[in-house]
Amino acid sequence: GLGACSKGPIHQHPQDVRRLIRDGRPEPEVRFAPISPNERISVLGEPAEKAYRIGIGDILHVQGDLPFLEGFGETTKGEIAGTHVKPDGQIYLPQVGGVPASGRSVIQLQDELRKRLAKFRENPYVSVDVLEYRSQQFHVLGEVDQPGTYPVNGRTSLVGAVAGSGGLTPKAHLDTAYVLRRGKVLPLSLADVLVRGDMTRDTLMQHGDIVYVPSYEEARVFVVGQVEEPGPVPMPKGRLTLAGAIGAARGLDFETADYNSIRVFRGSWANPSCYTISACELYAYGEGIQLKDGDRIIVAPTQQATYKKTLDLTMPYVLSLTSTALAAAGIAIAASR
């Protein structure tokens, strides 16, 4: 406890204490400005034409007022007949032959069929519906009730994708969730869309989209060096104080710890910010110092609390956590295919 402050001369670090307290405060809530319809194409990568494009593997229900179209199809869904879009991108109709379907909207395919059927009847009636969406898929992973792969149908938005995957679990960390599209993270906040109702940033799911909702349990800090139980410390609900982290590590090692140099490294691994405080300041202010996900706290012997030291001590825990996360992600993605 405070008796530790009597272990030799103690140096104060008031500036670093103030910086730690200030930098640990919650960041102002990020609110994106509404997106105009014209901006959606560039900002969210949405096509100007949002109509669903038929793809290879889709099953179409084609009906019309010509006898050879009655009950036409090579497969059924319930009592409805359907025909597959073949690997060459075409559907094949009796007496008409192959008709290119892949890449067309339903309306465009209907118009094309109407032209081709005109030789059999003036102003023929024809209707096309997508019976099953199979050509395009998106993935919802992480803290949702039913993670997996779902069909793109041209109507499912981000809100619908989360709802369709069973909704969020109690562990969902929405403020760190993201949507990956064509290798890039979209500039949107799931918390803004799903919790704060900024529907201008809701987006229709596209082929290959990945919606990932991490868990609060994935947030953690690392406490290493001269503490009783070094290692990663979880951040319940994404929050943890410096005193709480040291306490979770069972406290400082009284015999070996440098009580003048408890260091917190924050930010990127390549160029982190560094804060130094003493044991007295830890006990006096530690409950008011909020940590951030990924912070590295090192309590080293005298003159050894360097960043190289914290890298050496922290890296085994990081590599272990990373390997576990990669294995889990690999299983999830493999299972969804």
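The values are calculated or read from the model by the stated rules, or taken from the named source; none is laboratory data. These numbers were taken from a predicted model, which means no experiment stands behind them. Glycine also receives a Cβ, built like all others from the backbone with ideal geometry; neighbour counts cover every protein chain displayed. These accessible areas exclude ligands, DNA and RNA; they are computed on the full protein's heavy atoms, side chains included. Shrake-Rupley method; radii C 1.70, N 1.55, O 1.52, S 1.80 Å.
Label zone of Glu70 (point 7 Å out along Cα→Cβ, amide N under 11 Å): in the stretch 97-135 this covers no residue at all. Length available on full extension from Glu122 to Arg196: 0.36 nm per residue minus the Cα-Cα distance, which gives 21.2 nm.
Checking the a/c ratio against 1.5 first, then a/b against b/c, what shape does the Cα gyration tensor give for the stretch 107-197?
prolate
Here the Karplus relation 6.51 cos²θ - 1.76 cosθ + 1.60, evaluated at θ = phi - 60°, turns the backbone of the stretch 96-103 into coupling constants of 10, x, x, 10, x, 10, 4, x Hz, with x for every Gly and Pro. The 3J(HN,Hα) values that the Karplus relation (6.51, -1.76, 1.60; θ = phi - 60°) gives for the stretch 116-126 are, in residue order, 6, 7, 5, 6, 9, 7, 6, 6, x, 8, 8 Hz. Gly and Pro appear as x. Among the protein heavy atoms of the stretch 61-162, carbon and sulfur supply 46% of the accessible surface, probe 1.4 Å, non-protein parts ignored. Contact order, relative form, for the stretch 58-171: 23 percent (alpha carbon pairs under 8 Å, 6 or more residues apart, mean separation divided by residue count). Summarising the amide proton neighbourhood of Val144: residues at separation of 5 or more, or on other chains, whose placed amide H is nearer than 5 Å comprise Thr169. Would you mind getting me the FRET efficiency between Arg155 and Thr256? Use the beta-carbon distance for r and R0 = 41 Å, nearest 0.05. Calculated value: 0.05. Sequentially through the stretch 237-254, phi angles give Karplus couplings (6.51, -1.76, 1.60; θ = phi - 60°) of 6, x, 10, 6, 8, 4, 4, x, 5, 5, x, 5, 8, 6, x, 6, 7, 4 Hz, Gly and Pro residues having no value and appearing as x. Taking each of Lys77/Lys119; Lys50/Lys184; Lys77/Lys115; Lys184/Lys237 in turn, the alpha-carbon distance tops 25 angstrom for Lys77/Lys119; Lys77/Lys115; Lys184/Lys237.
Think of a 1.4 Å ball rolled over the protein heavy atoms: the stretch 95-242 then has 46 Å² of accessible area per residue. In this rough spin-label picture, where each label sits 7 Å from Cα along the Cβ direction, the Ile107-Asn271 distance is 5.1 nm. Compared with the alpha-carbon gap, the fully stretched path from Ile80 to Glu39 is longer by 10.7 nm at 0.36 nm per residue.
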